[in-house]
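The values are calculated or read from the model by the stated rules, or taken from the named source; none is laboratory data. Please read these numbers as outputs of a predicted model, since none were measured by experiment. These accessible areas exclude ligands, DNA and RNA; they are computed on the full protein's heavy atoms, side chains included. Shrake-Rupley method; radii C 1.70, N 1.55, O 1.52, S 1.80 Å.
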Amino acid sequence: MFSKNVGVFDKTVRVLVGIALLVAFFMMPDAPYRWLLLIGIVPLATGVLGTCPLYSLLGMNTCGMKR
């Protein structure tokens with residue numbers, strides 16, 4: 001469907017940020033605006049899938065050179 005456009009370092013950062021936001025969501029049940037932490041699903045999904053629709057729209061690619 002989408003071509004891979006997220007490199008290894010970018011994937012790692014996205015997954016870690018996504019997990020951190022989702023952990024914060026579950027660790028702070030009484031926080032106001034807690035639902036905003038669910039945005040962590042987006043970087044987690046793009047990191048796991050290796051593709052970012054926004055990168056596609058902007059023509060960006062953080063993958064290394066293909067051999």
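Which angle between 0 and 90 degrees, to the nearest 10, do you get for helix 8-27 versus the longest principal axis of the chain when only C-alpha atoms count?
Tilt relative to the chain: about 10 degrees.
For residue 15 and residue 36, compute 0.36 nm times the residue count separating them, minus their Cα-Cα distance, and round to one decimal in nm. Kindly include the intermediate steps, with their values, before the conclusion.
Values: separation 21, 0.36 × 21 = 7.56 nm, distance 1.72 nm.
Result: 5.8 nm gained on full extension.
So between residue 26 and residue 57, what do we pick up on full extension, going 0.36 nm a residue minus the alpha carbon distance?
On the way: separation 31, 0.36 × 31 = 11.16 nm, distance 3.24 nm.
Gain on extension, residue 26 to residue 57, equals 7.9 nm.
Please list, in order along region 37-44, the HN-Hα scalar couplings obtained from phi with the Karplus expression 6.51 cos²θ - 1.76 cosθ + 1.60 (θ = phi - 60°), rounded to whole Hz, x for Gly and Pro.
Taking θ as phi minus 60°, the curve returns 5, 5, 4, x, 5, 5, x, 5 Hz for region 37-44.
Given the rule -39500 (n - 2.57) for each run of at least 4 DSSP H residues, summed and divided by the residues of the chain, what is its mean residue ellipticity at 222 nm, to the nearest 500 deg cm²/dmol? List each step's numbers first, then the result.
Details: 3 runs with 35 residues, N = 67.
About -16000 deg cm²/dmol.
Measure off, as a whole percent, the carbon and sulfur share of the 1.4 Å-probe accessible area of the chain, all protein chains present.
Details: 3850 of 5180 Å².
Heavy-atom surface of the chain belonging to carbon and sulfur, 1.4 Å probe: 74 percent.
Residue-wise, which Karplus ³J(HN,Hα) couplings in Hz belong to region 28-35, taking 6.51 cos²θ - 1.76 cosθ + 1.60, θ = phi - 60°, and x for glycine or proline?
So the Karplus estimates, Gly and Pro as x, are 10, x, 9, 6, x, 6, 4, 4 Hz.
Send over a whole-number figure in Å² for the accessible area per residue of the chain, probe 1.4 Å.
Details: 5180 Å² over 67 residues.
Per residue, the chain has an accessible area of 77 Å².
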